[in-house]
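The values are calculated or read from the model by the stated rules, or taken from the named source; none is laboratory data. Not measured: the values here are computed from a predicted model. Cβ atoms come from the backbone with ideal geometry, glycine included; neighbour counts cover every protein chain shown. Quick note on the areas: whole protein, heavy atoms, side chains included, nothing else; ligands and nucleic acids left out. Shrake-Rupley method; radii C 1.70, N 1.55, O 1.52, S 1.80 Å.
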Amino acid sequence: MEILRVQNLCKTYGDGESAVKALTDVSFSMEKGEFAAVVGASGSGKSTLLNCIGGLDQPTSGGITLNGEDLLSMSERQRTVFRRRNIGFIFQSFQLIPELNVEQNIMFPLLLDYRKPEKREMDELLETLGLTERRKHLPGQLSGGQQQRAAIGRALITRPLLILADEPTGNLDSASSLDVMELLAIASRKYGQTVLMITHNMNLAASADRVLSVADGRLADLGGKRNEKLS
């Protein structure tokens, strides 16, 4: 089942001779539960791609549909609500709220929608994240790896259609990076969520179902396990 479709996406910053083409005619799609990694050098356009897909930036032209919904035809308010309910974000810098404990940080997206998670659901998620004993700790009392796990929990709690992860292991050591990759794989395999991750680490990218490369704003599909299954 196709969840995400990106068609002929272009993004240009500036005008005239100073114009910079960040994305040029990018097209690809992702299936439900697929885990894809996007690799590329700094400035290649991969973060711009993620921001456009997540509705944080407006492309110059092209189309983006998520579960059949056209993101670019929505008003800013409609897109904000749709993003909150259907897209989970994981950032390199964690972006946890320092005054809230782990459990409160994880449930925060639901609270914005005037909802609360069921206790059983929260308990199961905390156990999956390895944070049961840290549920009442503030972010400042956690290691970097534990903070990123809490950030992943925040992205998972709404059971979004799509998870966008921007260098989620960039501030972590090797062991914590592997933990994060395992949790993203769980999101894909156990919860059936589609995951699109940016990374500079080709070793980590190789564990995804598919690897996409962005260079000078153009995207290429490098293949992976998904393609091997289809061949």
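Does the stretch 147-154 include one or more residues that are open to solvent by 70 Å² or more (accessible area, probe 1.4 Å) and either touching a strand residue (DSSP E or B) at 6+ places or on another chain (Cβ under 9 Å) or under 26 Å from residue 32 (Cβ atoms) (or both)?
no
For every residue, the table says whether it meets (1) under 28 Å from residue 219 (Cα atoms); (2) open to solvent by less than 30 Å² (accessible area, probe 1.4 Å); (3) more than 21 Å from the chain's Cα centre (by Cα).
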residue: 42; (1), (2), (3): yes, no, no
residue: 59; (1), (2), (3): yes, yes, no
residue: 67; (1), (2), (3): yes, no, no
residue: 83; (1), (2), (3): yes, no, no
residue: 100; (1), (2), (3): no, no, yes
residue: 116; (1), (2), (3): no, no, yes
residue: 122; (1), (2), (3): no, yes, no
residue: 126; (1), (2), (3): no, yes, no
residue: 131; (1), (2), (3): no, yes, no
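Looking only at residues in the stretch 18-38 that are open to solvent by 10 Å² or more (accessible area, probe 1.4 Å), touching a helix residue (DSSP H, G or I) at 6+ places or on another chain (Cβ under 9 Å) and assigned to a strand (DSSP E or B), which one is farthest from residue 209 (Cα to Cα)?
Ranking the qualifying residues of the stretch 18-38, first place goes to 22.
List every residue pair whose Cβ atoms lie under 9 Å apart, where the two residues are 6 or more positions apart in sequence or sit on different chains, the first residue falls within the stretch 63-89 and is part of a strand (DSSP E or B), and the second residue, located anywhere, is of a type in the set (Asp, Glu).
63/70; 64/70; 65/2; 89/166
Give the stretch 108-142 a look and list any residue that's more than 21 Å from residue 185 (Cα to Cα) and either of a type in the set (Gly, Ala, Ser) or assigned to a helix (DSSP H, G or I) (or both), or say none.
Listed by number, the residues that qualify are 108, 109, 110, 111, 112, 119, 120, 133, 134, 139, 140, 141.
Under 6 Å by Cβ, and 6 or more places apart or on different chains, what pairs join a residue from the stretch 92-105 that is of a type in the set (S, T, N, Q) with one that is surrounded by 21 or more Cβ atoms within 10 Å (Cβ to Cβ)?
Going by the 6 Å Cβ cut-off, the qualifying pairs are 105/96; 105/150; 105/154.
Which of the residues that make up the stretch 155-179 are among the β-branched types (Val, Ile, Thr) and surrounded by fewer than 22 Cβ atoms within 10 Å (Cβ to Cβ)?
157, 158
Starting from residues that are part of a loop (DSSP other than H, G, I, E, B) and of a type in the set (D, E, K, R), keep the ones in the stretch 149-186 and report whichever is nearest to residue 126 (Cα to Cα).
Filtering the stretch 149-186 for residues that are part of a loop (DSSP other than H, G, I, E, B) and of a type in the set (D, E, K, R), the one nearest to residue 126 (Cα to Cα) comes out as 159.
If we scan the stretch 205-220, do we find a residue that is open to solvent by less than 40 Å² (accessible area, probe 1.4 Å), at pLDDT 85 or above, in contact with a strand residue (DSSP E or B) (Cβ under 7 Å, 6 or more places away or on another chain) and in a helix (DSSP H, G or I)?
Yes, the stretch 205-220 contains a residue that is open to solvent by less than 40 Å² (accessible area, probe 1.4 Å), at pLDDT 85 or above, in contact with a strand residue (DSSP E or B) (Cβ under 7 Å, 6 or more places away or on another chain) and in a helix (DSSP H, G or I).
With respect to residue 46, determine if the residue is at pLDDT 95 or above and surrounded by 22 or more Cβ atoms within 10 Å (Cβ to Cβ).
The answer is no for residue 46.
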